[in-house]
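For reference, the structure is listed below as structure tokens.
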Amino acid sequence: KFDAVSWLCYPFIMRFIVQILSNGLAILLADYLTEDIIFTGNVLTLLIAGLILGLINFFLRPILKLISLPLIALTLGIFIIVINMGLLWLLNYLVPELTIKGFSAYFWGTIIISAVNIFVGLTIKKKV
């Protein structure tokens with residue numbers, strides 16, 4: 001049976017699931033590559049952290065980018081890193097199993113998570 005609503009939602013849901021997995025992998029990679037990012041949870045907690053990060057990026061990130069558009073334009077896009085660091089701080093606050101110590105850990109965590117998400121995003125666009 002063909003259902004138009006489920007047909008339209010299928011790619012969105014699949015991308016969101018891949019984004020959750022990508023965020024979880026990015027958090028794990030950031031934990032592995034930096035000594036000041038510590039994740040002590042299990043796989044389920046990692047997936048929950050990926051889900052929370054996905055929801056933060058879906059709901060808060062566009063609003064923050066819109067509000068800070070003049071600063072983003074003035075800094076030629078560098079202020080987006082500051083926004084992402086703030087969102088990573090929020091994730092650290094919401095997930096007790098994640099501990100991030102210091103400015104450099106937030107910076108490198110943001111760079112690693114962004115790089116993983118860019119790579120996965122480009123890969124998904126090529127597949128779809």
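The values are calculated or read from the model by the stated rules, or taken from the named source; none is laboratory data. All of these numbers come straight from a predicted model, not from anything done at the bench. Using ideal geometry, Cβ is built from the backbone for each residue, glycine included, and neighbour counts are taken over all protein chains shown. Keep in mind that these areas ignore ligands, DNA and RNA; they rest on the heavy atoms of the full protein, side chains included. Shrake-Rupley method; radii C 1.70, N 1.55, O 1.52, S 1.80 Å.
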| query | Among (1) open to solvent by 40 Å² or more (accessible area, probe 1.4 Å); (2) touching a residue at least 40 places away in the same chain (Cβ under 8 Å); (3) over 12 Å from Ile112 (Cα atoms); (4) under 12 Å from the mean Cα position of the chain (by Cα), which single condition is Arg15 missing? | reply | (4)
| note | Restricting segment 78-110 to residues that are hydrophobic (A, V, I, L, M, F, W, C) and open to solvent by 60 Å² or more (accessible area, probe 1.4 Å), the one farthest from Ala49 (Cα to Cα) turns out to be Ile78
| query | Does segment 45-54 contain at least one residue that is open to solvent by less than 90 Å² (accessible area, probe 1.4 Å), outside any helix (DSSP H, G or I) and not basic (Lys, Arg)? | reply | no
| request: State the number of residues belonging to segment 97-111 that are within 17 Å of the chain's Cα centre (by Cα), more than 22 Å from Ile17 (Cα to Cα) and either outside any helix (DSSP H, G or I) or modelled with pLDDT under 95 (or both). | output: 2
| With respect to the numbered conditions (1) crowded, with 19+ Cβ neighbours inside 10 Å; (2) touching a Leu at 6+ places or on another chain (Cβ under 9 Å), which one is the sole condition not fulfilled by Ser22? | (2)
| Filter result (out of contact with any helix residue (DSSP H, G or I) (no Cβ under 7 Å at 6 or more places or on another chain), polar (S, T, N, Q) and either under 17 Å from Phe59 (Cα atoms) or assigned to a helix (DSSP H, G or I) (or both)) within segment 70-96 | Asn92
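To keep it simple, each residue is scored yes or no on (1) over 25 Å from Phe16 (Cα atoms); (2) of a type in the set (A, V, I, L, M).
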site	(1), (2)
Phe58	no, no
Thr75	yes, no
Leu87	no, yes
Ile113	no, yes
Val116	no, yes
Phe119	no, no
| said: Taking the criterion of being modelled with pLDDT of 95 or more and hydroxyl-bearing (Ser, Thr, Tyr), would at least one residue in segment 5-16 satisfy it? | reply: no
| Residues (more than 12 Å from the chain's Cα centre (by Cα) and of a type in the set (S, T, N, Q)) located in segment 18-71 | Thr34, Thr40, Asn42, Thr45, Ser68
